[in-house]
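The values are calculated or read from the model by the stated rules, or taken from the named source; none is laboratory data. If you're wondering where the values come from, they're calculated on a predicted model, not measured in any experiment. Glycine also receives a Cβ, built like all others from the backbone with ideal geometry; neighbour counts cover every protein chain displayed. Only protein heavy atoms, including side chains, enter the accessible area calculation; ligands, DNA and RNA are left aside. Shrake-Rupley method; radii C 1.70, N 1.55, O 1.52, S 1.80 Å.
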Amino acid sequence: MTSTVVFVHGALVRDGAWWWQPTADLLLERTGAASVTVALPSCGEVPGTPDADLTADAAALRAVLDAHRDVVLVGHSYGGTVIAEAGTHPAVRHVVLVSSYTPPVGVTQGSIMGAEPDPVTIRVEDGRIALDGYDVDSFGARFLQDGDAATQREAFARTTTQAAAAFGTPTTRTGWADVPSTAVVCTEDRITTPGLQREHAARASDVVELPTGHHPFVTRPDLVVDVLAPLVA
């Protein structure tokens, strides 16, 4: 029986299923593995949770995991921090981190992003963080430079604000640490530098490098499925 894949998207975006769909569809076609995407409260994907933080996102992930028995858990960017905070779960047998993080206990998402030499420009208003100064073209050039114009437009339309508390909550667990893990380093990434990715990837059980930008599950689902397919069998 194949595993279920649970996807956790990154910061400042909504509609997680859209981001993962190209990879989810190809993975289902090639392996028969079903998948589900976690809705993150801090990104406004759960009504009535305007002040949600990392703890709330981790609880949302655990609730999804509680409904499954055999899971390959895949996180992108901030999604890796959510996986860390969710802690060890008996359903998870492998963790995959795509351009993501393996934060030790006590680390915040804000401090991780602050380590970047050219961090994404953001603004904070009314307790929420938003991208600042980007339009479709500048967003596409930095976040999805290896995607076509239509994909860049669709992606930009799915950017959103996120509760600032999600960036300031220190982790209390290391959910990536107690199961086998694969870190996917995106070597052409213009958001999370390859150097920072490799620093976090060094804590994983295995490392794979892909010649892609920040969102390979959108732009090169074939490469991501090459990583996932052997894990779900």
Point to revise | Test: residue in region 179-195 that is of a type outside the set (A, V, I, L, M) and modelled with pLDDT under 95 | key: no
Practice item. Working carefully through the options L223, L210, L228, L196, find the one that is without any contact (Cβ under 8 Å) to a residue 24 or more places away in the chain and either hydrophobic (A, V, I, L, M, F, W, C) or open to solvent by 30 Å² or more (accessible area, probe 1.4 Å) (or both). Key: L223
Point to revise | Residue identified as hydroxyl-bearing (S, T, Y) and in contact with a helix residue (DSSP H, G or I) (Cβ under 6 Å, 6 or more places away or on another chain) among T182, T193, T174, T161 | key: T174
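Residues in region 140-157: is at least one of a type in the set (A, V, I, L, M), touching a Ser or Thr at 6+ places or on another chain (Cβ under 6 Å) and either under 25 Å from V224 (Cβ atoms) or in contact (Cβ under 8 Å) with a residue 24 or more places away in the chain (or both)? I'd like the intermediate steps shown before the answer.
Within region 140-157, the subset of a type in the set (A, V, I, L, M) is 141, 144, 149-150, 155, 157.
From what's left, touching a Ser or Thr at 6+ places or on another chain (Cβ under 6 Å): none.
No, there is no match, as no residue in region 140-157 is of a type in the set (A, V, I, L, M), touching a Ser or Thr at 6+ places or on another chain (Cβ under 6 Å) and either under 25 Å from V224 (Cβ atoms) or in contact (Cβ under 8 Å) with a residue 24 or more places away in the chain (or both).
Which of the residues belonging to region 89-108 are touching a residue at least 40 places away in the same chain (Cβ under 8 Å) and out of contact with any Ser or Thr (no Cβ under 9 Å at 6 or more places or on another chain)?
Start the filter on region 89-108 by keeping residues that are touching a residue at least 40 places away in the same chain (Cβ under 8 Å), which leaves 89, 92-108.
Matches in region 89-108: H89, V92.
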Exercise for review: Starting from region 70-88, keep only residues that are in contact (Cβ under 8 Å) with a residue 24 or more places away in the chain and of a type in the set (D, E, K, R), then list their pairs with residues that are in a helix (DSSP H, G or I) and buried (at least 24 other Cβ atoms within 10 Å of the Cβ) whose Cβ atoms are within a distance under 6 Å, requiring at least 6 positions of separation or different chains.
Suggested key: E85/L54; E85/A58
**Study point:** Verdict on V107 being closer than 25 Å to A86 by Cβ, at pLDDT below 95, surrounded by 14 or more Cβ atoms within 10 Å (Cβ to Cβ) and hydrophobic (A, V, I, L, M, F, W, C)
**Key:** no
Practice item. Would you check if S42 is in contact with a strand residue (DSSP E or B) (Cβ under 7 Å, 6 or more places away or on another chain) and either within 21 Å of I129 (Cα to Cα) or open to solvent by less than 10 Å² (accessible area, probe 1.4 Å) (or both)? Key: yes
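Using the structure shown, decide if P22 is at negative phi, more than 18 Å from the chain's Cα centre (by Cα) and open to solvent by 30 Å² or more (accessible area, probe 1.4 Å). Show your work before the answer.
Details: at negative phi: yes; more than 18 Å from the chain's Cα centre (by Cα): no; open to solvent by 30 Å² or more (accessible area, probe 1.4 Å): yes.
Answer is no for this residue.
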